[in-house]
Amino acid sequence: MQHLIDKANVLLEALPYIRQFAGKRMVIKYGGAAMAQKELMSFVKDVVLLKYVGILPVVVHGGGPQIGHFLKRLGIEIRFVEGMRVTDPETMEVVEMVLVGRINKDIVNLIHQCGGRAVGLCGKDGGLIRARKLWLRGPDGRIRRDSDLGLVGEVEMVQTDVIDALQQNGFIPVVAPVGVGEDGQTYNINADLVAGKVAGALRAEKFILLTDVEGIMNSKKDLISSIDIQQIRRLMADGTISGGMLPKVRCCIEGLEAGVSKVHIIDGRVEHAILLEMFTDKGIGTQIVG
């Protein structure tokens, strides 16, 4: 009997959070590095549960490792500059095929299998993501000589009409990070940056990044459970936050400054990571506030 009572207490612990976030928008970025089959099904079940308790989730997914796998199979050269994939037209075809044609539809299909309703999108759909070519710049703000990354873009504008329409009709939008320029050119965009821009445009209550690390670590490699923008900037300046975590925290800052209430970086490899972070008193990752 005590085991059953403990289960009831878990639900009661979640109750105030369900009440607080019901009817609120939540953008969830799911990284390709955390996208193993077991974790993917756990993630999808979490997203469907959020929808059933009245929360309005939007999923933005990555797929870097999967893109790399296909490029190797096709014998296409893989090159990175500052962690960004140099994307020529041939590579862009593979990026769009993997992100839009495969990963996006796999997530949509799994959501349907778990009892939800989802629609897959990319930046071309409904004019969702207007992009422009990304140029790397030096400390002086000038374009660097090695800055041409090909068809790598940055988000110029997010038009949320298509997301609004889908959510009003009970669907979960699933967004692939591919944008389109004013001239119709397709661009490969960092999924973290897309998710941050989408969260900001929607003024989401929460922006959650699921990745393959526990969260933000201090200089002693201990997990930081809660941090604000000023503290993050100090850790960036002294080198504590570096490497692949830099673009993540930058998009977190952008989201908060655009009106997102709170941002969370959590380990997507943990089963039911979203529910543990959202509906328990302790949480599991790093919470970032303005």
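The values are calculated or read from the model by the stated rules, or taken from the named source; none is laboratory data. Here the structure is a predicted model, which means the values were calculated and not measured. A quick note on method: Cβ atoms are made from the backbone with ideal geometry, for glycine too, and the neighbour counts reach across all protein chains shown. For the accessible areas, the whole protein counts, side chains as well, though only heavy atoms, and no ligand, DNA or RNA atoms are used. Shrake-Rupley method; radii C 1.70, N 1.55, O 1.52, S 1.80 Å.
Being within 16 Å of residue 26 (Cβ to Cβ), touching an Asp or Glu at 6+ places or on another chain (Cβ under 7 Å), open to solvent by less than 50 Å² (accessible area, probe 1.4 Å) and not acidic (Asp, Glu), is that true of even one residue in the stretch 230-250?
Taking every residue of the stretch 230-250 in turn, none turns out to be within 16 Å of residue 26 (Cβ to Cβ), touching an Asp or Glu at 6+ places or on another chain (Cβ under 7 Å), open to solvent by less than 50 Å² (accessible area, probe 1.4 Å) and not acidic (Asp, Glu).
Given (1) of a type outside the set (A, V, I, L, M); (2) under 30 Å from residue 8 (Cβ atoms); (3) under 17 Å from the mean Cα position of the chain (by Cα), identify the lone condition not met by residue 244.
Residue 244 satisfies all of (1) of a type outside the set (A, V, I, L, M); (2) under 30 Å from residue 8 (Cβ atoms); (3) under 17 Å from the mean Cα position of the chain (by Cα) except (2).
Could you figure out which of (1) open to solvent by less than 10 Å² (accessible area, probe 1.4 Å); (2) part of a strand (DSSP E or B); (3) at pLDDT 90 or above isn't true of residue 44?
All conditions are met except number (2).
Residues in the stretch 198-257 that are β-branched (Val, Ile, Thr), without any contact (Cβ under 8 Å) to a residue 24 or more places away in the chain and within 21 Å of residue 269 (Cα to Cα): how many?
Number satisfying all stated conditions: 0.
If you scan the stretch 184-238, which residues turn out to be assigned to a loop (DSSP other than H, G, I, E, B), more than 30 Å from residue 127 (Cα to Cα) and small (Gly, Ala, Ser)?
Matches in the stretch 184-238: 215, 219, 225.
Of everything in the stretch 176-188, what is of a type outside the set (S, T, N, Q) and surrounded by 24 or more Cβ atoms within 10 Å (Cβ to Cβ)? Give them in sequence order.
Scanning the stretch 176-188 gives 176, 177, 178, 179, 187.
Evaluate the following for residue 163: is it outside any helix (DSSP H, G or I) and surrounded by 15 or more Cβ atoms within 10 Å (Cβ to Cβ)?
Judged against the criteria, residue 163 is not a match.
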